[in-house]
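Student: Here's a structure for you.
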Amino acid sequence: MTYLLALDQGTSSSRSIVFDHAGRVVTMAQREFPQIYPQPGWVEHDPRDLWQTQLETARQALKQAGLSATQIAAVGITNQRETTVVWNRKTGEPVYNAIVWQDRRAEATCAALRERGASDTVLQKTGLRIDAYFSGTKLKWILDHVGGARAQAERGELAFGTVDSWLIWQLTGGARHVTDVSNASRTMLFNVHTRQWDDELLALLDIPKSLMPEALPSSAHFGDMKAEWLGAPLEIGGVAGDQQSALFGQACFTAGMAKNTYGTGCFMLMHTGERFQVSQNGLITTAAAQPPGIQQYALEGSVFIGGAVVQWLRDGLSAIESSSQVQALAESVPDADGVVLVPAFTGLGAPYWQPEARGSITGLTRGTTMAHIARAALESIAFQSAALLDAMSRDAVAAGGVPVSELRVDGGACVNDLLMQIQADLLGIPVVRPAVIETTALGAAYLAGLHTGLFAGLDELSKQWRAERTFHPTLSRERAAEKMAQWEHAVRQTVAP
């Protein structure tokens, strides 16, 4: 029993990955599921699709690996965070579609909360800004708009959960209604100091406490899967929201260590140890994935448009036929020749928080080619991430720590060598790509393995982490500062009145 199974329930697909004891991928299965867009700004999933595709991929992964369930030591779960599911405790049926983290329908509720002066209360208790991104206002919307839902909730007949809770309910046949602290910390309802659902926050949104799952450490006994699903009862021993799971999978266990995930967007997290720190530079504070008895936090910043800018080059401008062609096109010119692309297609996230900003391309000349624009597009991912890391380092120094000394990277776009080199040049620190870039699923597997005793502790996991390639900065700090100043100037132009 030296294998671990990670269930990775994402925004566009469900994946299951089998890892061996050394943290290497044995096999992976993946299934996409439909996205539901009822109207502009609304994004939903059918919760039954999430469950069925997750179960199918788990079965497929075991079959591909030639393993039986009895050879799996434990199961870990990682999931799209903030996505909100409400279901009937008796029937197990959802009362409405899952409202996805990207969904903006609750913005009016958020505006009302800010108007009431609740921002500081929410920030101090949760580390979060009041925003429709988080689960609490999505849950309120379901209770207020689905016929009979509030009355059922008041009678204790309904359960709320993020996707991890929904999957655990299904896997355990309704025996367990639980989540972990990292997912709970993304709801805007959880006091990260007391590790409890907060009565004041629940009252702010008029949410009955009976809806809420039990919040456990990220490495704990979350329940046992029913034997009927995979052929044997398996213990669920680890759960974490996807970005905190990636931080854990990258072996960033101590204050000052940071990782950046390059996906559709970019998510950068810096471990801050046992210190809850409110950012002075536009970041949010979140609970890190953690074993029992250790209260740990991270600063987080989100870039809305990361790898999606390459998809835009492909689909919007028809500049390339496949995303993999962008590196060669960008490398066909020595630099962007003064072109700066700010991909504020849906506003700008941290550290700017400018929802009204819109995309721009500046510095065009008669000599500008599509290759220059492609290079500027790649640079835009690195510029936004560099702005995040600068904000994190300023927060770290202000709290008596030291600036981040290396950045560990993962996600689909981190395979782009040019992008990683540009990133190292802008940051002035090494950018390190691990041998296993499936760090989100690996983090969940590690948490499960820790709980079941497969691993002795964090030191063993740190020793297992391996770098595949390190990108060292080659640009002078003066030139990097000039380029960042050029970027910041372009950003200011996108938000000018």
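Student: Might you tell me the accessible area per residue for segment 400-497, computed with a 1.4 Å probe and given in Å²?
Tutor: That works out to 44 Å² for each residue.
Student: Moving on to the next point. Which whole-number value in Å³ per residue fits the convex hull of the alpha carbons of segment 34-148?
Tutor: 153
Student: Can you tell me the relative contact order of segment 109-151? Whole percent, Cα pairs under 8 Å, sequence separation 6 or more.
Tutor: In percent, rounded to a whole number, it is 28.
Student: If we count trypsin sites (Lys or Arg not before Pro) as exposed when they sit in a DSSP loop and have at most 14 other beta carbons within 10 Å, what is the longest stretch of the chain that avoids them all?
Tutor: Value returned for the longest uninterrupted segment is 156-274.
Student: If you don't mind, another one. What percent do you get for the relative contact order of the chain when only Cα pairs under 8 Å and 6+ apart count?
Tutor: Relative contact order for the chain comes out at 15 percent.
Student: Still on this structure: Would you kindly find the accessible area of M212, with a 1.4 Å probe and non-protein molecules such as ligands, DNA and RNA excluded, rounding to the nearest 10 Å²?
Tutor: 20
Student: Roughly how far apart, in whole Å, are the Cα centres of segment 347-380 and segment 141-169?
Tutor: Cα centroid to Cα centroid, the span is 42 Å.
Student: Compute the separation of the alpha-carbon centres of segment 477-497 and segment 15-37 and state it in Å as a whole number.
Tutor: Value for the Cα centre distance between the two parts: 39 Å.
Student: While we're here: Averaged per residue, what accessible surface does segment 126-251 expose to a 1.4 Å probe, in Å²?
Tutor: 27
Student: Right, next: Compute the signed sum of charges (Lys and Arg +1, Asp and Glu -1) over the other residues within less than 12 Å, Cβ to Cβ, of N260.
Tutor: 0
Student: While we're here: Among the lysines, which fall within straight-line cross-link reach of K63, defined as a Cα-Cα distance under 22 Å, with same-chain neighbours fewer than 8 residues apart omitted?
Tutor: Counting by Cα, and skipping residues close in sequence, K63 has these lysines nearby: K226.
Student: Reachable lysines from K483, Cα under 27 Å, same-chain residues fewer than 8 places away excluded?
Tutor: K259
Student: I'd like the distance between the alpha-carbon centres of segment 74-123 and segment 183-225, rounded to an integer number of Å.
Tutor: The two parts, judged by their Cα centres, are 12 Å apart.
Student: Using a 1.4 Å probe over the heavy atoms of the protein chains, calculate the carbon and sulfur portion of the accessible area of segment 399-497 as a whole percent.
Tutor: The nonpolar share, carbon plus sulfur, comes to 54 percent.
Student: Of the listed values [x] 0.95; [y] 1.15; [z] 1.10, identify the label whose number matches Cα Rg over 2.2 N^0.38 Å calculated from this model.
Tutor: [x]
Student: Could you work out the relative contact order of segment 353-497, using alpha carbon pairs under 8 angstrom and six or more residues apart, expressed as a whole percent?
Tutor: Here the relative contact order equals 28 percent.
Student: Here's another thing I want to ask about it. Would you work out which of V25, W51, T70 lies farthest towards the positive end of the dipole of segment 18-74? Charges go on Cβ: Lys and Arg +1, Asp and Glu -1.
Tutor: Positive-end residue among those listed: T70.
Student: Let me ask something else about it. Give the range of the longest stretch in the chain that excludes all GluC sites (Glu not before Pro) found in loop regions by DSSP and having at most 10 other beta-carbon atoms within 10 Å.
Tutor: Longest run free of exposed loop sites: 1-320.
Student: Using a Cα-Cα cut-off of under 27 Å, which lysines could be cross-linked to K140, ignoring same-chain neighbours fewer than 8 residues away?
Tutor: Counting by Cα, and skipping residues close in sequence, K140 has these lysines nearby: K90, K125, K209.
The values are calculated or read from the model by the stated rules, or taken from the named source; none is laboratory data. All figures in this text were calculated on a predicted structure; none of them were measured in a lab. Note: ideal-geometry Cβ built from the backbone for every residue, glycine included; neighbour counts use all protein chains shown. Accessible surface is based on the protein model in full, side chains and every heavy atom, while ligands, DNA and RNA are left aside. Shrake-Rupley method; radii C 1.70, N 1.55, O 1.52, S 1.80 Å.
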